[in-house]
Amino acid sequence: MNSFSKRKVGWTAAILFVLVLFLLGGCSTLSREKREESTKDTLGGKYYYFEDVRVPPELNYKQKRSFVYETPRFKAGVLYFTKWRLDSDSLIDFFIHSMEKDNWKLINSYKGKESILNFSKPEKSCMIKIVEKWWGNTEVEIRVGPTGEK
């Protein structure tokens, strides 16, 4: 292979590499934009998929462990969040306060290393589970669904 052929192969490889980087960068922007569509920032929290369940901004959304099922009549799902070294009592206070602002009624609560808050609205319910792990991680699981009542 002569030096001209080597340069031609080198330039072709470089152009292909830059083109692949450009295309991958475009795909990453599209998926990031799509993810951002499902959240709505507010003063003091974010709404993920459910317009009446506010989440503290310091929690990290775990998309791979979450899912949402939607029909024309209702939306249901499980949203999963984590945060390192977060006080569960402040989380409980946040959820009780913000859920009441969004017209949810607190039905009952269990507090401890694993805390559960149950809320209801006409035709739907929400269960928020807050777990403090021994290694310092706090996990929050939010389940929203229809009540099944007629």
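The values are calculated or read from the model by the stated rules, or taken from the named source; none is laboratory data. No experiment lies behind these values; they were computed from the predicted model shown. Here the Cβ is made from the backbone with ideal geometry for all residues, glycine too, and neighbour counts use every protein chain on show.
Of all the criteria given as (1) hydroxyl-bearing (Ser, Thr, Tyr); (2) loosely packed, with under 12 Cβ neighbours inside 10 Å; (3) closer than 16 Å to Gly45 by Cβ, the one not satisfied by Tyr110 is (3). Residues that are surrounded by 15 or more Cβ atoms within 10 Å (Cβ to Cβ) and over 26 Å from Lys75 (Cβ atoms) occur at least once in the stretch 116-133.
For (1) more than 29 Å from Arg85 (Cβ to Cβ); (2) in the same structural domain as Arg54 (by TED's automatic domain parsing); (3) not basic (Lys, Arg), each residue gets a yes or a no:
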site	(1), (2), (3)
Met99	no, yes, yes
Asp102	no, yes, yes
Gly112	no, yes, yes
Leu117	no, yes, yes
Glu123	yes, yes, yes
Lys129	no, yes, no
Glu139	no, yes, yes
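Any idea which residue in the stretch 43-67 is surrounded by the most Cβ atoms within 10 Å (Cβ to Cβ), counting only those that are assigned to a helix (DSSP H, G or I) and among the charged types (D, E, K, R)? Looking at residues that are assigned to a helix (DSSP H, G or I) and among the charged types (D, E, K, R), I get Arg65.
Kindly establish whether Glu70 is loosely packed, with under 12 Cβ neighbours inside 10 Å and either at pLDDT 90 or above or closer than 22 Å to Asn137 by Cβ (or both). Considered against the rule, which asks whether it is loosely packed, with under 12 Cβ neighbours inside 10 Å and either at pLDDT 90 or above or closer than 22 Å to Asn137 by Cβ (or both), Glu70 comes out as yes. Counting only strands (runs of 3 or more DSSP E) that fall entirely inside the stretch 76-150 and contain at least 1 residues that are under 21 Å from Glu51 (Cα atoms) and touching a Cys at 6+ places or on another chain (Cβ under 6 Å), the qualifying elements are 114-121, 137-146.
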